[in-house]
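Reading through the structure tokens given below for one structure.
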Amino acid sequence: MSDTFVEVNKVYKSYWRDSIEIPVLHDINLNIAEGEFMALMGPSGSGKTTLLNLLAGIDRPSSGDLLVAGEQVGGLSEHDLARWRSRNIGFVFQFYNLMPVLNAFENVELPLLLTKLNKKERRKQVEAALSIVGLADRMKHYPNQLSGGQEQRVAIARAIVTDPNLILADEPTGDLDKQSAEDIMELLSRLNSEFNKTIIMVTHDPRAAEKARRTRHLDKGELTS
Amino acid sequence: MKVFKLISRNTTRHPLRSFLTVLGLAIAVMAFAVIRTTISAWYAGAQASSPNRLVVINRVSLVFTLPLADREKIEKVDGVTGISWAQWFGGIYVDPKNFFAQFAVDPGTYFKLYPEYIIPPDQMETFQKERNAVIVGRALADRFGWSVGDPIRLTGTIYPGNWDFVIRGIYTGAKEGTDESQFFMHFNYLDERMKQETPGRAGQVGSFIVRIADPSQAAQVSDRIDALFKNSLAETKTQTEEAFQLSFVAMAGTIVTGLRIISILVIAIILLVLANTMAMTARERISEYAVMKTLGFSPFHIVGLIFGESLFIAALGGTLGILITFPIAGLIKVAMGAFFPIFKIHPVTLAVGFVSALFVGLLAAIFPAVKAVRTSIVDGLRIID
């Protein structure tokens, strides 16, 4: 572990439904060191995913500061935020969210289209990412030709292909059977231990949380432990 | 993996929907092109008219005739350099459905006023010598498989009885828009028989065709001619050939206006068809666009994908529409050739149809693109936790 990589200071977030304000997060303070693997647990509606979205820069806090790798995420414009996400964040969704019309290789290649890498360099990185997740032999397979576990591994390869420092995973095992879930957790653990990726994972699953080095709990928008 | 690849694969994601949309666009583009071609065909006579020809008809109506004797007065009018005359015959060839234009003309003067009818000299010579000789257009000859020397019998409707002719010449058009579907007989052949059977109808012509030296003097020459016959039993109405042809279009003015409106409605319909498809497409892919935004794609990229897909479908539909326009127009030409002798698809019409399809493609993508851009990533992913 090293210095603070993610710093959350007095973050408050609420949503508006018509004229009613619905508070979701209350004065969240959280520091995450570089290379840490943290699980974020809590009941439905506790604000876990909202906090993850704020860290990913796909949503903005109502107040408070969010620093990721020294960057004030909340202060970036939409355009700069999109560019920042492409360089710094790898996002893993619960339902994989692969493009059904693209095969595994093309899905993983997608984020690299935003870089200046040429075709050869992109191929090299995609093959490396798919090798890490153990799907080098499934490059030409489309999502509907893969199992849920394999789809999630492709999604993880897509998340790491740009070599981001921070990986955010939203219930990565929530849609998987027990064995596939264990495989995915092994993979995330490996990314953390071998490649020193900082990982923040939202989960309901205590067994998945056990793989993390630290677990924090959210309840009704407040960090309780 | 390129963006166009993603666009093309997205297009074929729902093959039936895409096929029906492309087919709808194709039929609309074809309908637009055919309607516009039909409107152009209506104006073909006016477009092919000569500025130095005037047409003199009875002021009351085209169906009333003028005395042939008026010729002598008209040809002396200042500015007139040539005159001939024609009478609508209106006979039936074998079957009433075999309609084509038949005129009794003066063989010695008529074709001198129409240099756009190219007739081989030997055929013209024979035509002028034989009383029952006729000259027909190349398109008309091809339509019925006629050739020089063939005997033709027409059954008169305006001039009762059977009328036997022999084809002695086939003319071709000097210009692209020249009508090659007409049938010209000797006026004297008609007139002499009228003298025998119904003398009251002899010596009457439907119209005089007048050549003038200076097209800019058309109005003045017309006034001089009409002044000659003012308060006579057969007052005249003299007009340029173009105005004369347009008067036929004016008779069907409501139909032409209707066709113009329909051609615009066709474009509106394809807009609705494509807009509906694009709206469904964008709605289904909102979560995918949200994922792409999460990966770092900007709203510009998303807009590009939506517009690209819409334009791709529009281009496919436009291209297919152009391709099917030719056979459909060919069928219409066969069926309506007698009424529209010049039924030609102009490249500009096809270009307008294709560009309209692309324009519709752009319009159809606007609303879905705006919606996709405005939808936040969070809403797109439908995260409620």
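Just one of the listed residues (B:ILE328, B:ILE264, B:ILE324) is under 26 Å from B:THR12 (Cβ atoms) and either surrounded by fewer than 16 Cβ atoms within 10 Å (Cβ to Cβ) or in contact (Cβ under 8 Å) with a residue 12 or more places away in the chain (or both), namely B:ILE324.
When we screen A:PHE105, A:PHE37 for residues that are out of contact with any Pro (no Cβ under 7 Å at 6 or more places or on another chain), away from chain B (no Cβ under 12 Å) and either surrounded by fewer than 22 Cβ atoms within 10 Å (Cβ to Cβ) or in contact (Cβ under 8 Å) with a residue 12 or more places away in the chain (or both), the only hit is A:PHE37.
Listed here are the strands (runs of 3 or more DSSP E) enclosed by region B:148-244 that have at least 3 residues being in contact with a Gly (Cβ under 8 Å, 6 or more places away or on another chain) and not aromatic (Phe, Trp, Tyr): B:151-156, B:161-173, B:207-212. Taking the criterion of being more than 18 Å from A:SER86 (Cα to Cα) and acidic (Asp, Glu), the residues of region A:117-145 that qualify are A:GLU127, A:ASP137. Meeting the requirement of 3 or more residues that are over 16 Å from B:VAL291 (Cα atoms) and in contact with a Ser or Thr (Cβ under 9 Å, 6 or more places away or on another chain), the strands (runs of 3 or more DSSP E) wholly within region A:1-108 are A:4-17, A:20-33, A:37-41. Among the conditions (1) under 38 Å from the mean Cα position of the chain (by Cα); (2) away from chain A (no Cβ under 14 Å); (3) part of a helix (DSSP H, G or I), the only one that B:GLY308 does not satisfy is (2). Only one of the numbered conditions (1) within 14 Å of chain B (Cβ to nearest Cβ); (2) under 20 Å from A:LEU55 (Cβ atoms) is violated by A:ARG123, and that is (2).
Selection over region B:1-56 of residues that are more than 30 Å from B:ILE225 (Cα to Cα) and either touching a His at 6+ places or on another chain (Cβ under 6 Å) or away from chain A (no Cβ under 14 Å) (or both) gives a count of 25. Please determine, by comparing only the residues of region B:267-291 that are within 14 Å of another protein chain (Cβ to nearest Cβ) and free of Cβ contacts under 8 Å to residues at least 12 places away in the same chain, which one is surrounded by the most Cβ atoms within 10 Å (Cβ to Cβ). Only one residue tops the list, namely B:GLU288. Residues in region B:233-254 that are surrounded by 13 or more Cβ atoms within 10 Å (Cβ to Cβ) and more than 22 Å from B:SER49 (Cα to Cα): B:ALA234, B:GLU235. Among the residues of this structure, B:PHE4 does not count as one that is touching a strand residue (DSSP E or B) at 6+ places or on another chain (Cβ under 6 Å) and aromatic (Phe, Trp, Tyr). Every condition in (1) modelled with pLDDT of 90 or more; (2) more than 30 Å from B:GLU192 (Cα to Cα) is met by B:TRP88 except one, and the failing one is (2). When the test is whether a residue is under 20 Å from B:GLY24 (Cα atoms) and over 26 Å from the mean Cα position of the chain (by Cα), B:MET292 does not pass it. Tallying residues that are surrounded by fewer than 20 Cβ atoms within 10 Å (Cβ to Cβ), of a type in the set (Gly, Ala, Ser) and in a helix (DSSP H, G or I) within region A:170-208 yields 3.
Specify the residue that is nearest to B:VAL266 (Cα to Cα); the eligible residues are those in region B:354-385 that are within 12 Å of another protein chain (Cβ to nearest Cβ), part of a helix (DSSP H, G or I) and not charged (D, E, K, R). Applying the filter and picking the extreme gives B:VAL373.
Against the list (1) closer than 21 Å to B:LYS5 by Cα; (2) modelled with pLDDT of 90 or more, the condition A:ALA128 fails is (1).
Quick check, is B:THR349 under 20 Å from the mean Cα position of the chain (by Cα), crowded, with 17+ Cβ neighbours inside 10 Å and of a type in the set (Ser, Thr, Tyr)? In short, yes. Scanning region A:66-102 for residues that are surrounded by fewer than 21 Cβ atoms within 10 Å (Cβ to Cβ), within 17 Å of B:ILE286 (Cβ to Cβ) and facing another protein chain (nearest Cβ under 7 Å) yields A:MET99, A:VAL101.
The values are calculated or read from the model by the stated rules, or taken from the named source; none is laboratory data. Please read these numbers as outputs of a predicted model, since none were measured by experiment. Cβ: placed from backbone, ideal geometry, glycine included. Neighbour counts: every protein chain shown.
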